[in-house]
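Comments concern the structure below.
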Amino acid sequence: MVKRLISGIILIPIVVAIILYAPFWVIAALAALLIAGAVKELMHINEKMGYSGSAALAIVFSASIPFIFLYAGLADALRASVAYVFIYFLTGIYARKDFKASANWVMSKILALLYIAVPVAHIVPLTGLENGRLWFLFSLVLVWSNDTFAYFTGKAIGKHKLAPVLSPGKSIEGLVGGLLGGVIASLCMNYFLGLGLYHYEVALLTLGLGVVSVYGDLFESLLKRASGVKDSGNLIPGHGGLLDRIDSMVFVVPALYYYLELRNLLS
């Protein structure tokens with residue numbers, strides 16, 4: 001717990017400063033580093049499940065997605081993703097004589113692309129929206145608040161397990177406490193940062209993103225349970241690996257981006 005607090009005290013101001021003031025190419029580069037690290041950890045999890053193979057191609061392709069978002073746009077990034085999937089198919093077909101190994105190799109690389117690279121790379125178009133940097137900060141505060149309130153609520157009154165097989169520590173009471181904590185934090189963010197949402201809209205958006213956040217966490221728990229590992233890595237003292245830290249954000253960022261785009265379209 002002490003290591004988590006120290007790491008948080010050091011990392012949070014750095015992350016906030018980068019979000020608010022760094023050039024967009026720096027944000028894209030950091031997104032690429034996050035993706036590369038998380039994909040490497042995912043490949044390690046796959047190896048624990050018996051799916052061996054080089055991670056280099058998956059890391060290179062996945063880490064390129066934020067820069068395609070930045071310099072070419074959303075449509076080209078999605079086209080590139082489709083092209084990468086096709087290349088994985090070709091490589092898997094011709095690289096191995098073991099059919100099972102080839103199929104597992106292809107599926108693990110596609111999972112890395114669609115589960116980590118494309119969603120996380122949405123950091124780039126999200127920060128490019130009007131007040132996008134503040135919206136990205138909003139998403140981080142929402143997830144942090146959700147996790148923190150869920151943890152302490154679960155510790156205090158948690159009795160009914162949310163997903164006892166995947167994550168025995170999570171409770172329904174913790175889920176509710178986390179969602180309510182996220183709503184409170186989001187209302188404060190909306191007020192002090194002038195994001196311009198109605199209170200009811202903030203509450204509904206936060207509840208939706210909070211649920212998405214929880215299931216992002218549970219999906220990573222599924223992968224870790226399947227592979228028998230406790231943490232995806234040990235890069236961050238007290239916090240586990242990169243994937244452990246961004247699992248809740250993986251789907252929150254694209255969900256928030258498309259909500260804001262839809263809202264702008266309808267307004």
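The values are calculated or read from the model by the stated rules, or taken from the named source; none is laboratory data. Since the model is a prediction, treat every value here as computed from it, not as a measurement. Every residue, glycine as well, gets a Cβ built from its backbone with ideal geometry; the counts of neighbours run over all protein chains shown.
Quick check, is T127 closer than 30 Å to D76 by Cα, at pLDDT 90 or above and of a type in the set (S, T, N, Q)? Talk me through it step by step, then tell me what you get.
On the way: closer than 30 Å to D76 by Cα: yes; at pLDDT 90 or above: yes; of a type in the set (S, T, N, Q): yes.
So T127 fits the description; yes.
Taking the conditions exactly as written (crowded, with 22+ Cβ neighbours inside 10 Å, more than 20 Å from L33 (Cα to Cα) and of a type in the set (A, V, I, L, M, F, W, C)), does M249 satisfy them or not? Step through it out loud before you land on a result.
Details: crowded, with 22+ Cβ neighbours inside 10 Å: yes; more than 20 Å from L33 (Cα to Cα): no; of a type in the set (A, V, I, L, M, F, W, C): yes.
When the stated conditions are applied, M249 does not pass them.
Just give me the residues in region 181-194 being crowded, with 19+ Cβ neighbours inside 10 Å and not polar (S, T, N, Q), in sequence order.
First, the residues of region 181-194 that are crowded, with 19+ Cβ neighbours inside 10 Å: 181-183, 185-186, 189-190.
Those that are crowded, with 19+ Cβ neighbours inside 10 Å and not polar (S, T, N, Q): G181, G182, V183, A185, M189.
Quick check: is even one residue across region 214-229 of a type in the set (V, I, T), closer than 28 Å to V124 by Cβ, surrounded by 20 or more Cβ atoms within 10 Å (Cβ to Cβ) and in contact with a Pro (Cβ under 6 Å, 6 or more places away or on another chain)? Outline the logic, then answer.
Filtering region 214-229 down to residues of a type in the set (V, I, T) leaves 214, 229.
When the remaining residues are screened for being closer than 28 Å to V124 by Cβ, the result is 214.
Adding the requirement that they be surrounded by 20 or more Cβ atoms within 10 Å (Cβ to Cβ) leaves 214.
Checking which are in contact with a Pro (Cβ under 6 Å, 6 or more places away or on another chain) leaves us with none.
No - not one qualifying residue is present in region 214-229.
Only one of A117, A36, A121, A83 is under 16 Å from the mean Cα position of the chain (by Cα), at negative phi and free of Cβ contacts under 8 Å to residues at least 40 places away in the same chain. Can you tell me which?
Values: A117 fails: free of Cβ contacts under 8 Å to residues at least 40 places away in the same chain; A121 fails: free of Cβ contacts under 8 Å to residues at least 40 places away in the same chain; A83 fails: under 16 Å from the mean Cα position of the chain (by Cα).
On inspection, the qualifying residue turns out to be A36.
Looking at L175, L179, L207, L197, which is the one that is at pLDDT 85 or above, in a loop (DSSP other than H, G, I, E, B) and either closer than 21 Å to A112 by Cβ or in contact with a Leu (Cβ under 8 Å, 6 or more places away or on another chain) (or both)?
On the way: L175 fails: in a loop (DSSP other than H, G, I, E, B); L179 fails: in a loop (DSSP other than H, G, I, E, B); L207 fails: in a loop (DSSP other than H, G, I, E, B).
Of the residues listed, the single one that is at pLDDT 85 or above, in a loop (DSSP other than H, G, I, E, B) and either closer than 21 Å to A112 by Cβ or in contact with a Leu (Cβ under 8 Å, 6 or more places away or on another chain) (or both) is L197.
I'm trying to understand the selection: among the residues of region 152-166, which are more than 17 Å from S221 (Cα to Cα) and part of a loop (DSSP other than H, G, I, E, B)? Break it down stepwise before answering.
Our first condition is that a residue be more than 17 Å from S221 (Cα to Cα); within region 152-166, this holds for 152-160.
Passing the criteria: G158, K159, H160.
Within region 203-212, restricting attention to residues that are crowded, with 20+ Cβ neighbours inside 10 Å and either touching a Gly at 6+ places or on another chain (Cβ under 8 Å) or without any contact (Cβ under 8 Å) to a residue 24 or more places away in the chain (or both), which residue is farthest from S267 (Cα to Cα)?
Here the residue is G210.
Residue by residue, here is whether (1) small (G, A, S); (2) in a helix (DSSP H, G or I) holds:
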| position | (1), (2) |
| --- | --- |
| I116 | no, yes |
| F138 | no, yes |
| A150 | yes, yes |
| P168 | no, no |
| S186 | yes, yes |
| M189 | no, yes |
| S213 | yes, yes |
| F219 | no, yes |
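What pairs come out if I take residues in region 9-31 that are at pLDDT below 90 and pair them with residues that are exposed (fewer than 15 other Cβ atoms within 10 Å of the Cβ) and of a type in the set (A, V, I, L, M, F, W, C) whose C-beta lies under 8 Å away, six or more apart or interchain?
I18/V26
Of the conditions (1) of a type in the set (S, T, N, Q); (2) in a helix (DSSP H, G or I); (3) at pLDDT below 95, S54 satisfies every one except a single condition; which number is it?
(2)
Check whether at least one residue in region 38-49 is exposed (fewer than 13 other Cβ atoms within 10 Å of the Cβ) and modelled with pLDDT under 95, and report yes or no.
Looking through region 38-49, none of the residues is exposed (fewer than 13 other Cβ atoms within 10 Å of the Cβ) and modelled with pLDDT under 95.
Taking S62 as the residue in question, decide whether it is among the small types (G, A, S), touching a Lys or Arg at 6+ places or on another chain (Cβ under 9 Å), modelled with pLDDT of 85 or more and assigned to a helix (DSSP H, G or I). Working first, answer last.
Working: among the small types (G, A, S): yes; touching a Lys or Arg at 6+ places or on another chain (Cβ under 9 Å): yes; modelled with pLDDT of 85 or more: yes; assigned to a helix (DSSP H, G or I): yes.
Against the criterion (among the small types (G, A, S), touching a Lys or Arg at 6+ places or on another chain (Cβ under 9 Å), modelled with pLDDT of 85 or more and assigned to a helix (DSSP H, G or I)), S62 qualifies.
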